[in-house]
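First the structure, in the form of structure tokens, and then the observations on it.
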Amino acid sequence: QVQLVESGGGLVQPGGSLRLSCAISRSISDITPMAWYRQAPGRQREPVASISSGGNTNYADSVKGRFTISRDNAKNTVYLQMNSLNPEDTAIYYCSCTYRWSIYWGQGTQVTVSS
């Protein structure tokens, strides 16, 4: 069993930044990939970014150059640094991983970009 707990969401003005954190209940050194997803109102959940155990990253086209995913295996934590936020980034952001053929999700953290 794996628990994931996201934090760091909130209300931010357009052009602002936020850093999301995802704390995992076990060592993540052998979990690959770790990923962030988001779900906006009335839309399907979509992948945002992922990072392998070796540090290889992938991003959705809509966030490339603005978001950065990173992982700290010593702290069992994955981060999502979000810069140049715009209203289209408003969503609930979820952390996810696959471990022993099961997919685990956090409870999500709300990000609202509005003036």
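Below is a table of values for the structure above.
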item: Scan of the stretch 82-104 for residues that are touching a strand residue (DSSP E or B) at 6+ places or on another chain (Cβ under 7 Å) and surrounded by 15 or more Cβ atoms within 10 Å (Cβ to Cβ), ordered by number; result: M82, L85, D89, T90, A91, I92, Y93, Y94, C95, S96, C97, Y104
item: Residue list for the stretch 42-62, filter: part of a loop (DSSP other than H, G, I, E, B), out of contact with any Ser or Thr (no Cβ under 8 Å at 6 or more places or on another chain) and open to solvent by 60 Å² or more (accessible area, probe 1.4 Å); result: G42, R43, Q44, R45, N56, D61, S62
item: Hits in the stretch 2-25 - residues which are touching a Phe, Trp or Tyr at 6+ places or on another chain (Cβ under 8 Å) and either among the acidic types (D, E) or open to solvent by 30 Å² or more (accessible area, probe 1.4 Å) (or both); result: Q3, E6, G9, R19
item: Among (1) at negative phi; (2) open to solvent by 60 Å² or more (accessible area, probe 1.4 Å); (3) among the small types (G, A, S) - the single one A35 does not satisfy; result: (2)
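The values are calculated or read from the model by the stated rules, or taken from the named source; none is laboratory data. Because the structure is predicted, anything quoted here is derived from the model rather than measured. Cβ sites come from the backbone with ideal geometry, for glycine too, and all protein chains shown count toward neighbours. With ligands, DNA and RNA removed, areas are computed over all heavy atoms of the protein, side chains included. Shrake-Rupley method; radii C 1.70, N 1.55, O 1.52, S 1.80 Å.
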